[in-house]
Every structure is written in structure tokens, then in C-alpha cells.
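**Student:** Sharing a structure, written as C-alpha cells. Questions coming.
The values are calculated or read from the model by the stated rules, or taken from the named source; none is laboratory data. Source: prediction; values computed, not measured. Here the Cβ positions follow ideal geometry from the backbone for every residue, glycine too, while neighbour counts run over all protein chains shown. Heads up: the accessible areas ignore ligands, DNA and RNA and are worked out on the full protein's heavy atoms, side chains in. Shrake-Rupley method; radii C 1.70, N 1.55, O 1.52, S 1.80 Å.
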Amino acid sequence: MIKKFVPCIYLYHEKAVRSLTDTTVVNTDPVRLAGVYQENNADELIVFDLSETDAEHEAALNILKEICAVSELDVIGAGNIKRMEDVKKILYAGCKKAILDYEKESNITITEEVSLKFGRDKILASYNDPQVLVDHKELTDKFLSGLVLLNPHKIRETEDVTELPFLVQIQQIALNKLLEIFAYEHVCGVTGNTINDNINEILALKELCKENNIMVESFQAAYKWEDFKKNSDGMVPVVVQDYRTMEVLMVAYMNEEAYENTLRTGKMTYYSRSRQKLWLKGETSGHYQYVKSLTADCDLDTILARVSQVGAACHTGARSCFFNEITKKDYEESSNPLQVFEEVFDVIKDRKVHPKEGSYTNYLFDKGIDKILKKMGEEATEIVIAAKNPNPNEIKYEISDFLYHMMVLMAEKEITWEEITTELANR
């Protein structure tokens, strides 16, 4: 089983506090803190919502949504769950999983309901005493995909009563003791302040785990450096592409050290020929490139890197380094569906900020949400009618009308295509 290093953010009054029971503020910017954990090679992130009122809860959900939007880590949401709707809000905020609090009978009661609704793989449970797993063994085995043990003194007892993988929350421990904890068969990772306080050591701890034959999250390369054909400088060129849009962002070079560092950290590292030294992309700018895939060409002399790009790829501040047009022949752009949606959506959003006289889009924004929803309903009905018509063109036109009005609604409610596509991908 792969062992994971999972930091926590304990969210209280829109700030990160020390623990579930200690509300001492440790960081005033939880979103940026999530970025720090990501930059230091954490594997997942748990966010506990410790809010006490409905208003605080809504504010916490907004922060959770921000964290999920900017983080490459899988985010797990926990806290303030009273009913199925609360699990829905956590998952719709962008979390990959939600944690039920098995210290509360109400959370135990909704286990089957939320598991059937959202999928067993999205539901975990936290607990202090493994006896609750004994008391509800059939329920947990059938409807949970994992556990979070909040009491590190109960690891052995948990191993005795369940085969579900579980994270162990540890607030303080000598780092060398982690190897002993990881030795337990069903422990899938460690979370809590032991990870939070030692986030800068995660990479070293992963190397220590590997030396002790403990499996951790890392890239396993099918090709060694010596398998590649190098150029006259002993390097391999790397073409870097955005993994979502397939836009070519830049071209750089790797030597052996850059290649190995990229595999070890999961962040693109190059060799700077002008500075004659290793170059971790984003180390000074914060514009990291997180590896999604590395692929070699047929001759093994070029690498294609598909990455998640933070900010700009180019040192000029441009998204891509390729913006100096040399020449161009008129041609019809290929219809990349997401690109088309984004371009139309950009126009709609611009109309909202910069109204244009006579614009139908501005007419809808001026009339407000009720008018937009009325048009959505009308266009949906038109699709149903068109679907009964044998001419396929009619339904194509009606779907296009519906999608336009849907994008007006998205702009009104400040929802992006990226959020929509991420939600679809998660399903």
C-alpha cells in the first residue's frame, strides 16, 4: 500500500488554527497555506471546518472552494456535517472526498444515504475509539472507502477490527517513528501537525521511506536517463504543454540532474544554459509546473511534458512563450470545444463588465436572474420540441441557444467552465 503524507488545515473564523481543539491562529491565509503544502510535495490535504454558525460555515465553504480551485492536491473536506446536504456542499466545493464524524450519531445515520448518493469512494469516517467500527462493522465495510483515526494510540486496535485503509492523525512525534507507523498494513498515511510542522521535510522523509522499502507517492519512470539520445551538450529538449488546453507553453532543456529532480519532486526542473545551473521552474516566481505526464518521442531524443501551469510560463509574464507571430495564412481554426466555449463565455463576461448598447446579453443581465431562468426554461422546451423533428439541424440550433443562455446564467452566478469541466471529470 502506498503511504501518504497528508497535511491538515483546521479552518476557524476564516483562518488556519492549531488543531481541532486549539484555536490558536497559525496562518491568516488558508488558501496560500494550501499552496505551501502543495509546493512541498504533500500527497493530499484535509480541511476541517470548525465553524460554529451558518454564516461562518458559508464563509468556510467559500474558502474551501478557493483551495480546491487552486490546489493540485486532492482535497478532503470535513467538519460541520449534519445532513446529506452538507456532504453535497463539500463535494460540490471541489473536494474529492468528505469525512463523516463518527463521534456524532447523526453522521453514522447518514452513512448509507450519502454513500449511495455520491459513491462509496467519496466517503470516509473519522473516529477516536475503534469500538465504533465494531458496533457498525457492516455499515463501514459496505459504505466507506477509508477512515481517519484521530487517536494515534489506537492503531493496533483499528488494525484488529477493519481492513479499510486509514490515515492516522498525529500531532507530535519523532519523525523516525513514522516508519514504525507506516509498517502497519492498513495505515495508508499520516496527517495532523506532525506533517504540518515538518512540511519542508516531506521530500526527505519520502526518500527515507524508499530506502526502507516503504512505498510512497512518486513518479516511476519507464526510461532511465541513459536511454535518451542527448544533443551535443548532453541534454534533451523538453516541449511543455498545458495538460488541459494542449497549448504549447515553452521549450527548455534537461540534463540528468534536472530529469531526476523532476521525477523526484513532481515539479518541472530544467537546466538553464544561460545561467549554467539547475532551474526549478517557479522557484522564484511561484509559477510552478506540476507534472501530469512525461512522454518521449519515437527517437528518444525529445520529451513532451504535459503540466498544470501555475500563472505564466514565459518570463515576460505571457501565458505561453510562443506569441511572436512570424507569418500566417488565413485558415479556419479547429473547433476545440472547450476553447470555443471559453471564447464565447469571455465575450459574455465582458458584456457584464462593459455593457454595450443594444446588446441582448446586457438586456438579460439588466432584467436579472428571473428573466435569465425564464429563457433557460423556454430554450430547454425548444430542445424537447426540436428532438421530435426528423431534421437534426433544428436540435443543433436549439442546443446552441440553450448553451448560450446557460453561459449567461454562469456569468451571472460567477461559475466558470473550468469548474464545470472539473465537476464532470470528478463524476
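**Student:** Which residues, taken from region 58-114, are modelled with pLDDT of 95 or more, of a type in the set (Gly, Ala, Ser) and surrounded by fewer than 16 Cβ atoms within 10 Å (Cβ to Cβ)?
**Tutor:** Within region 58-114, just 106 meets the criteria.
**Student:** Sticking with this structure for a sec: Tell me which of these residue 171 doesn't satisfy, since it passes every other one: (1) at pLDDT below 95; (2) out of contact with any Gly (no Cβ under 8 Å at 6 or more places or on another chain).
**Tutor:** It is condition (2) that residue 171 fails.
**Student:** For region 380-394, which residues satisfy the criterion of being at pLDDT 90 or above and more than 24 Å from residue 347 (Cβ to Cβ)?
**Tutor:** Result: 381, 384, 385, 386, 387.
**Student:** Right, something else. With (1) of a type outside the set (Asp, Glu); (2) within 18 Å of residue 189 (Cβ to Cβ); (3) out of contact with any Gly (no Cβ under 7 Å at 6 or more places or on another chain) as the list, and residue 124 as the residue in question, which single condition is left unmet?
**Tutor:** Going through (1) of a type outside the set (Asp, Glu); (2) within 18 Å of residue 189 (Cβ to Cβ); (3) out of contact with any Gly (no Cβ under 7 Å at 6 or more places or on another chain) one by one, residue 124 breaks only (3).
**Student:** Of the numbered conditions (1) closer than 29 Å to residue 163 by Cα; (2) without any contact (Cβ under 8 Å) to a residue 12 or more places away in the chain, residue 62 satisfies every one except a single condition; which is it?
**Tutor:** (1)
**Student:** Can you tell me which residue in region 115-125 is surrounded by the fewest Cβ atoms within 10 Å (Cβ to Cβ), limited to those that are out of contact with any strand residue (DSSP E or B) (no Cβ under 7 Å at 6 or more places or on another chain) and not charged (D, E, K, R)?
**Tutor:** Ranking the qualifying residues of region 115-125, first place goes to 116.
**Student:** Restricting attention to region 340-384, and to residues there that are among the aliphatic types (A, V, I, L, M) and more than 19 Å from residue 416 (Cα to Cα), which single residue is most open to solvent (accessible area, probe 1.4 Å)?
**Tutor:** Once the filter is applied, the top-ranked residue is 384.
**Student:** Something else: Do you know which residues across region 188-233 are basic (Lys, Arg), at pLDDT 95 or above and surrounded by 12 or more Cβ atoms within 10 Å (Cβ to Cβ)?
**Tutor:** Answer for region 188-233, where residues must be basic (Lys, Arg), at pLDDT 95 or above and surrounded by 12 or more Cβ atoms within 10 Å (Cβ to Cβ): just 230.
**Student:** Of the residues that sit in region 16-57 and are among the acidic types (Asp, Glu) and within 30 Å of residue 291 (Cβ to Cβ), which one is surrounded by the fewest Cβ atoms within 10 Å (Cβ to Cβ)?
**Tutor:** 29
**Student:** Residues 171, 131: which one is touching a residue at least 40 places away in the same chain (Cβ under 8 Å) and not basic (Lys, Arg)?
**Tutor:** Of 171, 131, the one residue that is touching a residue at least 40 places away in the same chain (Cβ under 8 Å) and not basic (Lys, Arg) is 171.
**Student:** Looking at 320, 334, which is the one that is at pLDDT below 90 and within 14 Å of residue 245 (Cα to Cα)?
**Tutor:** Unique residue meeting the criteria: 334.
**Student:** Among the residues of region 313-333, write down those that are farther than 9 Å from residue 249 by Cβ and not charged (D, E, K, R).
**Tutor:** Matches in region 313-333: 315, 316, 317, 318, 323, 324, 326, 327, 331.
**Student:** With region 240-339 as the region, which strands (runs of 3 or more DSSP E) entirely inside it contain at least 1 residues that are of a type in the set (Val, Ile, Thr) and surrounded by 15 or more Cβ atoms within 10 Å (Cβ to Cβ)?
**Tutor:** The strands (runs of 3 or more DSSP E) meeting that bar are 248-254, 269-272, 289-296, 303-309.
**Student:** In this structure, is residue 53 at pLDDT 95 or above, among the hydroxyl-bearing types (Ser, Thr, Tyr) and farther than 17 Å from residue 144 by Cβ?
**Tutor:** It is false that residue 53 is at pLDDT 95 or above, among the hydroxyl-bearing types (Ser, Thr, Tyr) and farther than 17 Å from residue 144 by Cβ.
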